[in-house]
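The values are calculated or read from the model by the stated rules, or taken from the named source; none is laboratory data. Since the structure is predicted, the reported quantities are computational estimates derived from the model, not experimental observations. Heads up, the Cβs are rebuilt from the backbone with ideal geometry, glycines too, and the neighbour counts pull from every protein chain shown.
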Amino acid sequence: MLHDESGGTAPRVDRRALAAATVTVVLWASAFVSIRSAGADYSPGALALGRLLAGAVTLGVICLIRREGLPPRAAWPGIAASGVLWFGLYNVALNWGEQQVDAGTAAMVVNIGPLLIALLGGWLLKEGFPPRLMAGMAVSFAGAVVVGYSMSDEGHASLLGVLLCLVAAVTYAAGVVSQKPALRQASALQVTTYGCLIGAVACLPFAGRLAGQVGDASASATLNMIYLGVFPTALAFTTWAYALARTSAGKMGATTYAAPALVVVMSWATLGEVPEWLTLAGGLLCLGGVAVARRNPRPRGVAEPAPAPVPAGGKAVR
C-alpha cells in the first residue's frame with residue numbers, strides 16, 4: 001500500500017496492468033482503420049472468421065511454446081460465453097454495422113458498451129457503482145458522442161446499421177462480464193486462446209464466403225485481415241484479459257473510451273483525414289473522462305487516537 005500525505009493509504013497502481021490496458025486500447029483503435037481497408041474486399045462474416053482464425057493460430061503457437069494446458073473446468077462457462085458473444089457475434093455485428101452506417105454513427109452506438117459493462121459489472125459482479133467511475137464514464141461517453149456526431153453523415157444512418165451496432169455493444173459488454181469470472185480460474189492466455197477458438201468455431205458458417213473471397217481480395221485487404229487477427233485479437237485480447245484480471249470490469253470498460261481519440265489521431269496520420277475542431281474537442285473529453293474514471297481516490301488520513309490519561313504517579317493506561 002502507498003501512504004498519502006495525510007497518513008492514509010492509497011491503492012498501489014499495478015503498472016503492468018496499466019501498460020497492458022494501454023497496449024490493448026492502442027491496438028483496438030488501430031483495428032478500426034484495418035477493418036475499413038479489409039471490409040472493402042471481405043464480407044462481415046468472412047472478415048470475422050479470417051481474423052479469428054489468424055488469432056487462434058497465433059495464440060495456439062504461443063500456448064504450445066509456453067506449454068499452457070487446458071483451462072480448469074470452472075473457467076469454461078465464462079470462456080464459452082465470451083467466445084460466442086464477444087469474439088464471434090460482436091465481430092460479425094460490428095463489421096456488418098460499419099458497412100451500413102458511417103464510422104461516426106457506429107462509434108456513438110458501440111460506445112454504449114463500456115456503460116453497459118459498468119452497469120452489469122456493478123450488478124452481476126458486485127463491483128458497485130463508484131461515483132468517480134460513473135462521473136468519468138459520463139464525461140467520456142459525452143466525448144464519444146461529440147466525436148461520433150462530428151464524423152457522422154447526417155441522414156445516412158440506416159436502421160439496420162444502428163441495430164447491428166447496438167447488438168455489437170451489448171455482446172461486447174456481456175462478453176467482458178462473462179470473461180471476468182473465468183479469469184479467476186484460468187490464465188489470461190488460456191481464456192483468450194480458447195475464447196478466440198470458440199469464436200472461430202461459431203463463425204464457421206462463413207467459411208464458404210471466406211474461401212471464395214480470399215482469391216479475389218487485394219493483398220492489402222488480406223494483410224489487414226491477418227493483422228487484425230495477430231495484433232488487435234491475439235495480442236490485444238490477451239493484454240486486455242491480463243489487465244481485467246487485476247482491476248474491475250467497470251474501470252477496464254472506461255479505459256476503452258480512449259480509443260475514439262486515438263482513432264482520430266491514427267486516421268489523421270495514416271489516412272490524411274484532418275479532424276475538425278469539434279472532433280478534437282470530443283477526443284479530449286474522452287481522455288479526460290478516462291483519467292477521472294481510473295483515478296484512485298486518496299483516502300483521508302486516519303486521526304491518531306488521543307493518548308490515554310496518565311494517572312498521578314502511575315503509567316499510562318493501555
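Points worth noting:
- Residues in the range 217-247 that are buried (at least 22 other Cβ atoms within 10 Å of the Cβ) and aromatic (Phe, Trp, Tyr): PHE237, TRP240, TYR242.
- Long-range neighbours under 7 Å by Cβ, at least six apart or interchain, first residue closer than 18 Å to MET225 by Cα and among the acidic types (Asp, Glu) within the range 91-110, second modelled with pLDDT of 85 or more and outside any helix (DSSP H, G or I): GLU98/GLY39
- Some residue of the range 54-70 being in contact with a Pro (Cβ under 7 Å, 6 or more places away or on another chain) and not hydroxyl-bearing (Ser, Thr, Tyr): no
Quick grid of which residues meet (1) at pLDDT 85 or above; (2) in a helix (DSSP H, G or I); (3) among the hydroxyl-bearing types (Ser, Thr, Tyr); (4) more than 16 Å from the chain's Cα centre (by Cα):
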position	(1), (2), (3), (4)
ALA20	yes, yes, no, no
THR24	yes, yes, yes, no
PHE32	no, yes, no, no
ALA40	yes, no, no, yes
LEU70	yes, no, no, yes
GLY88	yes, yes, no, no
VAL92	yes, yes, no, yes
GLN99	no, yes, no, yes
VAL109	no, yes, no, no
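- Filtering the range 15-57 to residues that are touching a Gly at 6+ places or on another chain (Cβ under 8 Å) and among the charged types (D, E, K, R) leaves only ARG51.
- Residue list for the range 193-208, filter: touching a Pro at 6+ places or on another chain (Cβ under 9 Å) and either without any contact (Cβ under 8 Å) to a residue 12 or more places away in the chain or surrounded by fewer than 22 Cβ atoms within 10 Å (Cβ to Cβ) (or both): PHE206
- Qualifying residue in the range 43-55 (condition: touching a residue at least 12 places away in the same chain (Cβ under 8 Å), outside any helix (DSSP H, G or I) and in contact with a Leu (Cβ under 8 Å, 6 or more places away or on another chain)): no
- For the residues ALA80, ALA74, ALA20, the requirement of being crowded, with 19+ Cβ neighbours inside 10 Å and small (Gly, Ala, Ser) singles out ALA20.
- Any helices (runs of 4 or more DSSP H) falling wholly within the range 167-285 and containing at least 2 residues that are touching a Cys at 6+ places or on another chain (Cβ under 9 Å), aliphatic (A, V, I, L, M) and modelled with pLDDT under 95: 258-271
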